[in-house]
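Some notes on the structure that comes next.
None of the figures in this text is laboratory data; all of them are computed from the coordinates on show. These numbers come from a predicted model, not from an experiment. Here the Cβ positions follow ideal geometry from the backbone for every residue, glycine too, while neighbour counts run over all protein chains shown.
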Amino acid sequence: MGVEPTRHEVTTRQLGRTPARDVSVTVHRYCGGDGPTVYVQAAQHGIELNGPAALRRLHNRLCDAKLAGTVIVVPVMNPLAFDTRSYATPDEYDAQYPNVNRVWPGADDGSFQQRIVAELWPLAAGADAAIDLHTGTPSMLEHVRVVENDKKATALATAFGTNYRLIGDGPISSESGGEASSNVANGDESFTRDDTVRTTQNGEHSGHTQSTETFRIAMTRADVPTITVELGDSRTVDHSVAERGAVGICRVLKQRGMLTASGVLANQLPEPPTQHQLRDDIPVSVTPASGLFEPAANCTVGSEVTDGETLGVVYDPTTFEEKATIATPKPGVIYSLSHGGTVFAGERVASVATPIERTARVDTWIPSYFITHC
Ligand SMILES: [Zn+2]
């Protein structure tokens, strides 16, 4: 490990070609002395803007810092969705797999998005650790997701420093058999199960190679510890959210021994808070009826609820008839809750997770790493 002034370079990586133009991403490399490589990407989903905003703040810090190792940053992983201001990639590009975060690690002989991902995959998989920045709505608890029992990823999550850490349905084999994204009510992350793997059968009909995993699951299979960060406030740029994202990444780099909290980082890296761990093992709350959803007055994200507690009601907005009472099937912490609005039968309105324990900071993982140079 050797700390040296950061050298910054920008390149363009072509990932594919539409009938009339190239599809490429901008890749930043921040290179210091010998040390590990950390890969960071944002905007797999086109409405999640605080990821790129956080990475601009990270850029300003790293350019003036001394660094051990290399940080590779792809600020806009999915320009096709970003340019159209849509959550998923428009069907015109890939009707089979509109959600790019379900096709990792991609496939050279797959659909258009699978091929795009396959071109980017070696850059990510060659790293020693990775951070995937996403953004939910204000109605979702800011959190980091990790694969359960992945101690290395847990160390990254703890260093990043969100107040909550969510684990999915268990070990990799269990997550791979997880449920499909049940509902994309408003296209935002809080209403999709970003940690689970869509077990679509579509690939069987197309003849395409199956590559239907999230980035985090695919990276974990490749033995690269990876965290998915769910920042807040999709569709907008929020100064405090973007700042927390940049600080979180710097804390991960510091924990890996790549950055020291001195110089331009002095007083900018507060210690991460004690992180609460939640298990995402409670069935999501969906409305059985269409209508207008109104959350309970005492319910908000972060609230603890008891078994069977009412999360809100759905009523007919024209007759005022109550159509359904939405109650949590188990006690836990609300990590996602609709602010209220029109809902259709079968739509997710809330998610509750089981608190596990207040987890002490984990800072014992010392990675073995590849020596990389610009
Ligand atoms: Zn996302």
Q: Quick one: Debye curve from the alpha-carbon atoms of the stretch 285-357 only, equal weights, vacuum; give me log10 I(q)/I(0) at q = 0.15, 0.24, 0.25 Å⁻¹ to two decimals.
A: -0.43, -1.01, -1.08
Q: Would you mind computing, in nm to one decimal, how far apart the modelled labels at Leu123 and Thr318 are, each placed 7 Å from Cα along Cα→Cβ?
A: 5.2 nm
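How long is the gain from Asp64 to Asn149 if the chain were fully straight, where each residue apart is worth 0.36 nm and the alpha carbon distance is subtracted? Walk me through the numbers before you get to the answer.
Details: separation 85, 0.36 × 85 = 30.60 nm, distance 3.61 nm.
Using 0.36 nm per residue and subtracting the Cα-Cα distance, I get 27.0 nm.
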Q) So who's got an amide H within less than 5 Å of the one on Asp281, skipping anything under 5 residues away but keeping other chains? H placed 1.01 Å off N, in plane. A) Thr354
Q. How fast does the stretch 64-153 diffuse by Stokes-Einstein, in µm²/s, taking the Kirkwood radius from C-alpha pairs at 20 °C and 1.002 mPa s?
A. 139 µm²/s
Q. Once amide H atoms are built 1.01 Å from N in the peptide plane, which residues 5 or more positions from Gly312, or in another chain, come under 5 Å H to H?
A. Ala296, Ile326
Q: At 4 °C and 1.567 mPa s, grab the translational diffusion coefficient of the stretch 1-152 from Stokes-Einstein with a Kirkwood Rh over Cα pairs, rounded to a whole number in µm² per second.
A: 79 µm²/s
**Q.** Residue-wise HN-Hα coupling along the stretch 249-255, computed from phi with Karplus coefficients 6.51, -1.76, 1.60 (Hz; x: Gly, Pro)
**A.** 5, 4, 5, 4, 5, 5, 5
Q) Measuring from label point to label point, each 7 Å out along Cα→Cβ, what is the Thr260 to Asn163 span in nm? A) 3.4 nm
**Q.** Amide N proximity, the stretch 83-120 versus Arg13 label position 7 Å along Cα-to-Cβ, cut-off under 20 Å
**A.** 83, 89, 99-120
Q: With a Förster radius of 25 Å, plug the Cβ-Cβ distance of Ser240 and Arg85 into 1/(1 + (r/R0)^6) and report the FRET value to the nearest 0.05.
A: 0.65
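Which of the peptides 278-290, 324-336, 68-80, 6-18 is most tightly packed, and how do the rest follow, going by the mean number of other Cβ atoms within 10 Å of each residue? Spell out each step's value before the answer.
On the way: 278-290: 17.9, 324-336: 19.5, 68-80: 24.0, 6-18: 13.5.
My ranking of the peptides, most packed first, is 68-80, 324-336, 278-290, 6-18.
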Q: Show which lysines lie in cross-link reach of Lys152 when reach means a straight Cα distance below 23 angstrom and same-chain residues fewer than eight apart are skipped.
A: Lys254
Q | In sequence order, calculated HN-Hα J values of the stretch 342-354 (Karplus, 6.51, -1.76, 1.60; Hz; x Gly/Pro) | A | 5, 9, 10, 3, x, 7, 6, 10, 7, 9, 10, 10, 8
**Q.** Residue-wise HN-Hα coupling along the stretch 144-150, computed from phi with Karplus coefficients 6.51, -1.76, 1.60 (Hz; x: Gly, Pro)
**A.** 10, 10, 9, 6, 4, 6, 8
